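The values are calculated or read from the model by the stated rules, or taken from the named source; none is laboratory data. Fair warning: this is a prediction, and the values are worked out from it, not measured in the lab. Glycine also receives a Cβ, built like all others from the backbone with ideal geometry; neighbour counts cover every protein chain displayed. Accessible surface is based on the protein model in full, side chains and every heavy atom, while ligands, DNA and RNA are left aside. Shrake-Rupley method; radii C 1.70, N 1.55, O 1.52, S 1.80 Å.
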Amino acid sequence: IMETGTLQKFLEDFRMQNKAVFILGATGETGQVLLREILKRNLFSKITLIGRRKIEFEEEAYKNVHQEVVDFEKLDEYASSFQDYDVGFCCLGTTRSKAGADGFVRVDRDYVLKSAELAKAGGCKHFNLLSSKGADKSSSFLYLQVKGEVEAKIEELNFDRYTIFRPAVLLCDRKEFRPAEWLTRKFLGSLPTSWAKDHSVPVITVVRAMINNLVTPSDKKMELLDNQAIHNLGKAEDSTQP
């Protein structure tokens, strides 16, 4: 875990660069928290949400957030929506129970990959992907297989910097009720902290790890942060407070 002063300097240096960012999946639990934390830290000169519908915000803090409404089935027609961003965050995703097997593959693989392709063509330098613990393109489980396939295909796009986050079960209070996740969270909550930590992570910790990694200079083209690395990097949370 880096020293507080070092991270604070990285944050200040990053702010001075006046970069532009887009977020995919800003209506999801991780995307919502990510947007809030980015705004709180005043990290970017331009913030754009790319999604299938416009989000209504009441808070003053969101007044300068741009929004691009796209049809994910016709993304090629919206190439301009992905133009001229330095950084991209993809928190896009659904579940098999909600969308069916075909719908899940379409969202978590096809939409994500096409968005990454357009971002690359539009000049994005640093692409950040929210994936999942256990992602493996050769897995016999559809969810993990799709996550692994997307990770590999985006790597082939050759971004200047590509960061993959593989959290375990996300601990959050979802507006959308997912019975399997709810039961898992209840189970993990009854276990010793050290064991639960290996198999879960709070959404806020994931987001803080994303931000801390973002502002930290790196010469690696591809970074893969597993659940333990996310916990470690997210611990530097206090130093990122404005």
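Assorted remarks:
- Among the residues of the stretch 143-158, those identified as open to solvent by less than 20 Å² (accessible area, probe 1.4 Å) and in contact with a helix residue (DSSP H, G or I) (Cβ under 6 Å, 6 or more places away or on another chain) are Val146, Val150, Ile154.
- Taking the conditions (1) modelled with pLDDT of 95 or more; (2) of a type in the set (Ser, Thr, Tyr); (3) touching a helix residue (DSSP H, G or I) at 6+ places or on another chain (Cβ under 8 Å) in turn, Ser80 satisfies each one other than (3).
- From the list Ala116, Ala99, Ala135, the one residue that fits, being at pLDDT below 95 and either buried (at least 18 other Cβ atoms within 10 Å of the Cβ) or over 21 Å from Met222 (Cβ atoms) (or both), is Ala99.
- 3 or more residues at pLDDT 95 or above: qualifying strands (runs of 3 or more DSSP E) within the stretch 167-242: 222-225
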